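Reviewing the structure listed below.
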Amino acid sequence: MTDDKERQLSEIRSDIEATRQRLAETLDAIEDRLDVPKRVRSALRDAMDRLDTVRQERPEIVYAALAGALGLIAGTTALIIRSAARR
């Protein structure tokens, strides 16, 4: 074989390997997007990390949110009891 043909074959092999690598990366990305449980775990982990950061940097926000949630629960409970008492 001549040097030109060997160089062409080498370039073709290199192109094929690069294409295989891109295809593998694309398939991995598709698999990640279709793995719903993994995405849910990742989103939950991110949310917990953000909550932990807020808790450490601004604990008053966490306390206010907890107070609001307790108020909502208490109000709902009172409405249910009141409604039941009218019957």
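Can you tell me which residue is farthest from the chain's Cα centre (by Cα) among those in the range 67-87 that are of a type in the set (A, V, I, L, M) and open to solvent by 100 Å² or more (accessible area, probe 1.4 Å)? Can you show your working first?
At the first step, the residues of the range 67-87 found to be of a type in the set (A, V, I, L, M) are 67, 69-70, 72-74, 78-81, 84-85.
Okay, now just the ones that are also open to solvent by 100 Å² or more (accessible area, probe 1.4 Å), so 70, 72-73, 79-81.
On the way: L70: 28, L72: 29, I73: 29, L79: 37, I80: 37, I81: 40 Å.
Going through the qualifying residues, I end up with I81.
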(request) Count, please, the residues in the range 1-52 that happen to be open to solvent by 90 Å² or more (accessible area, probe 1.4 Å) and farther than 30 Å from A65 by Cα. (result) 21
(request) Only helices (runs of 4 or more DSSP H) wholly contained in the chain count here; list those with 3 or more residues that are among the hydroxyl-bearing types (S, T, Y) and free of Cβ contacts under 8 Å to residues at least 24 places away in the same chain. (result) 3-34, 59-86
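So, in the range 55-66, exactly how many residues are at pLDDT 90 or above and open to solvent by less than 70 Å² (accessible area, probe 1.4 Å)? Walk me through it before giving the result.
Pass one, the range 55-66, residues at pLDDT 90 or above: 56-61, 63-66.
Imposing the further condition that a residue be open to solvent by less than 70 Å² (accessible area, probe 1.4 Å) reduces the set to 59, 64-65.
Total satisfying the criteria: 3.
The values are calculated or read from the model by the stated rules, or taken from the named source; none is laboratory data. These numbers come from a predicted model, not from an experiment. When we count neighbours, we look across all protein chains shown, and the Cβ atoms used for this are built from the backbone with ideal geometry, even at glycine. Note: areas computed on protein heavy atoms with side chains; ligands, DNA, RNA excluded. Shrake-Rupley method; radii C 1.70, N 1.55, O 1.52, S 1.80 Å.
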